[in-house]
Amino acid sequence: MSADSNTFESVKAAVLSAHKSTTSEEKISFYNRWAENYEQDVAVLDYRAPSLAAECISSHFSSAREAALVLDVACGTGLVAKHMKKLGFEHFVGVDGSEVMLGKARQSGLYQDLKQCMLGKEPLPVQGGRFDVVVIVGALSVGNAPISTTRDLCNATKPGGFICMTTRSNQENSEYKAALDSELRKMEEEELWTCLEVTKVKDWERAVSEKEDGYISGVVYLYKKL
């Protein structure tokens with residue numbers, strides 16, 4: 001897709017084509033192709049999750065932000081880090097499955113380290129218990145990261161650190177979200193973390209499914225590791 005063709009209809013077609021990708025390799029191939037126009041395209045979709053997650057973290061984080069170490073999982077081109085940088089965070093490690101997305105993130109100059117990892121197929125390539133903030137935006141959804149990823153996020157976080165996650169709450173993602181909510185509650189019952197905030201957002205992004213119109217809804221979760 002050329003940069004001047006990212007109309008809503010063309011972006012919609014591109015995203016729907018990703019839904020047809022069933023294997024991990026096909027998914028990575030899609031994101032490698034999408035990387036060049038990803039930021040322009042999600043702007044067309046009015047995709048708010050990166051800014052909403054950054055604001056949620058910021059509203060609860062009271063320590064020195066310039067010293068905090070942030071793990072950005074499924075970092076893509078670096079949209080979450082860009083928003084967090086504006087809010088005073090400075091140190092980022094990024095993980096993504098797509099080498100081309102990681103290349104774009106590298107060009108941003110925001111990350112001190114970037115690592116390739118297929119979520120659910122490989123352990124997170126980071127030291128456990130190291131990060132003040134762990135954030136994952138966009139990847140916790142049907143066809144992407146498995147729900148078991150939440151335990152990897154928790155393991156990577158320092159005691160007292162924050163884990164911020166997002167998911168869509170539209171019809172297409174309803175079963176995944178129900179299973180995710182169940183796992184998050186189970187982890188709380190296991191006293192791995194405590195829930196600080198669950199923010200339901202009506203206008204998450206423009207709908208691309210043929211079954212939906214207008215905007216779909218989504219959720220931002222914030223947990224604190226015990």
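The values are calculated or read from the model by the stated rules, or taken from the named source; none is laboratory data. Source: prediction; values computed, not measured. Note that each Cβ is placed from the backbone with ideal geometry, even for glycine, and that neighbours are counted across all protein chains shown. The area values use the complete protein model at the heavy-atom level, side chains included, leaving out ligands, DNA and RNA. Shrake-Rupley method; radii C 1.70, N 1.55, O 1.52, S 1.80 Å.
Annotations for the structure displayed:
- Taking every protein chain into account, the accessible area of the stretch 46-225 amounts to 44 square angstrom per residue (probe 1.4 Å).
- Relative contact order, percent, the chain [alpha-carbon distance under 8 Å, six or more residues apart]: 18 percent
- Amide H within-cut-off set for Tyr215, under 5 Å, with H built and near neighbours excluded: Ala207
- Long-range tail of P(r) for the stretch 89-151 (Cα pairs > 18 Å, %): 37 percent
- Unsatisfied cross-links (Cα-Cα over 31 Å) in the set Lys12/Lys177; Lys115/Lys202; Lys12/Lys186; Lys158/Lys211; Lys85/Lys115: Lys115/Lys202; Lys12/Lys186; Lys158/Lys211
- Shown in residue order for the stretch 211-224 are the 3J(HN,Hα) couplings computed by the Karplus curve 6.51 cos²θ - 1.76 cosθ + 1.60 at θ = phi - 60°: 8, 10, 10, x, 10, 9, 9, x, 9, 10, 10, 10, 10, 10 Hz (x for Gly and Pro).
- Three-way shape label, the stretch 46-225, alpha-carbon gyration tensor, a/c 1.5: rounded
- Packing-based order for 17-25, 120-128, 64-72, 76-84, using average beta carbon neighbours within 10 Å, highest first: 76-84, 64-72, 120-128, 17-25
- Inter-label distance for Lys224 and Gln116, nm, one decimal - labels placed 7 Å from Cα along Cα-to-Cβ: 3.9 nm
- For Gly161, the residues whose amide H sits under 5 Å from its own are Lys225, ignoring neighbours fewer than 5 places away on the same chain, with H placed 1.01 Å from N.
- With a simple spin-label model that places each label point 7 Å from the Cα along the Cα-to-Cβ direction, the separation between Glu25 and Ser10 comes to 3.0 nm.
- Within the chain, DSSP assigns beta bridges of which about 45% are antiparallel (rounded to the nearest 5).
- Amide H contacts under 5 Å for Gly138, placed H, 5+ residues apart: Thr166
- Relative contact order of the stretch 95-226, defined on C-alpha pairs under 8 angstrom at six or more residues apart (%): 22 percent
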